[in-house]
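Here the structure is laid out as structure tokens; the discussion comes afterwards.
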Amino acid sequence: MKLYDYFRSSAAYRVRIALNLKGIEPDERTFVHLRMGNQRAQDYLALNPQGLVPALALDDGQVLTQSLAIIEYLDETHPAPPLLPVDPAARARVRSIALAIACEIHPLNNLRVLNYLIGTLGVAREQKDGWYKYWVDVGFEALERKLAHEKETARFCHGDTPTLADICLVPQIANARRFNIDLSPYPVLTAIEAACLALPPFAAAAPERQPDAE
């Protein structure tokens, strides 16, 4: 198993957390420096035509892409500890929280979007930062309301053990902190983040603890 990774990618961060929770150590890690454009190299595009990280190459030659698909693969092939509840409605709730982050917040603030705003559209850096903050706040406000009012929320997004939802939440909050976004309006989200980061699998996956950290 070979993981294609980048320390600052929140999608790769999700997969690192999942691997750590499962106790899986990849046989090899290759670091794809996104800011240097390594994701556009022909050898990497041959593995992942999207030119994104993470990618997980399996021993049989298959290459898995998209962080949530990789995490569900890991959950199905290494069932303990489970990252999704057994009950169908509970599974749907966890997936909905994860998708609210991975599909509604993250894509609008991804590096290639920010680069397009500045490099192609000529948006000023202050406007780009305002764009980032706006979409984080829109997403976090909705998540805060949801988690604050639903009885399934406990120490983590769903109950008292980490799930796919927490795996998505922690990297998104880390990104928000990197952009100096005020998180005081989101006490439920930050309390869950603190509970997660107190666990070694989450702490070890943090960007600043990766070999390629800058």
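Could you list, in sequence order, all residues of region 152-167 that are over 13 Å from Leu84 (Cα atoms) and of a type in the set (A, V, I, L, M, F, W, C)? Lay out the reasoning, then the answer.
Filtering region 152-167 down to residues over 13 Å from Leu84 (Cα atoms) leaves 152-155.
Matches in region 152-167: Ala154 only.
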Among the residues of region 35-53, count how many are under 13 Å from Ser9 (Cβ atoms) and either touching a strand residue (DSSP E or B) at 6+ places or on another chain (Cβ under 6 Å) or among the aromatic types (Phe, Trp, Tyr) (or both).
-> 2
Assess whether Asn48 counts as being outside the structural domain of Leu147 (by TED's automatic domain parsing) and at pLDDT below 95.
-> no
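Could you count how many residues in region 30-65 are without any contact (Cβ under 8 Å) to a residue 60 or more places away in the chain and either more than 20 Å from Gln210 (Cα to Cα) or assigned to a strand (DSSP E or B) (or both)? First the steps, then the outcome.
To start, the set of residues in region 30-65 that are without any contact (Cβ under 8 Å) to a residue 60 or more places away in the chain comprises 30, 32, 36-65.
Cutting the leftovers down to either more than 20 Å from Gln210 (Cα to Cα) or assigned to a strand (DSSP E or B) (or both) gives us 30, 40-51, 55-65.
Qualifying residue count, region 30-65: 24.
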Report whether or not Arg95 is over 23 Å from Phe31 (Cβ atoms) and among the basic types (Lys, Arg).
-> yes
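Every residue, every condition in (1) within 18 Å of Tyr6 (Cα to Cα); (2) outside the structural domain of Arg178 (by TED's automatic domain parsing), yes or no:
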position	(1), (2)
Leu68	yes, yes
Glu72	no, yes
Thr77	no, yes
Ala92	no, no
Ala98	no, no
Ala102	yes, no
His106	yes, no
Asn110	yes, no
Leu114	yes, no
Residues of region 184-198 being touching a residue at least 12 places away in the same chain (Cβ under 8 Å) and either more than 16 Å from Cys157 (Cα to Cα) or in the same structural domain as Ser10 (by TED's automatic domain parsing) (or both), in sequence order, are Pro185
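The values are calculated or read from the model by the stated rules, or taken from the named source; none is laboratory data. Predicted model only: the values in this text are computed from it and were never measured. For neighbour counting, all protein chains shown are included, and Cβ atoms are generated from backbone atoms with ideal geometry for every residue, glycine included.
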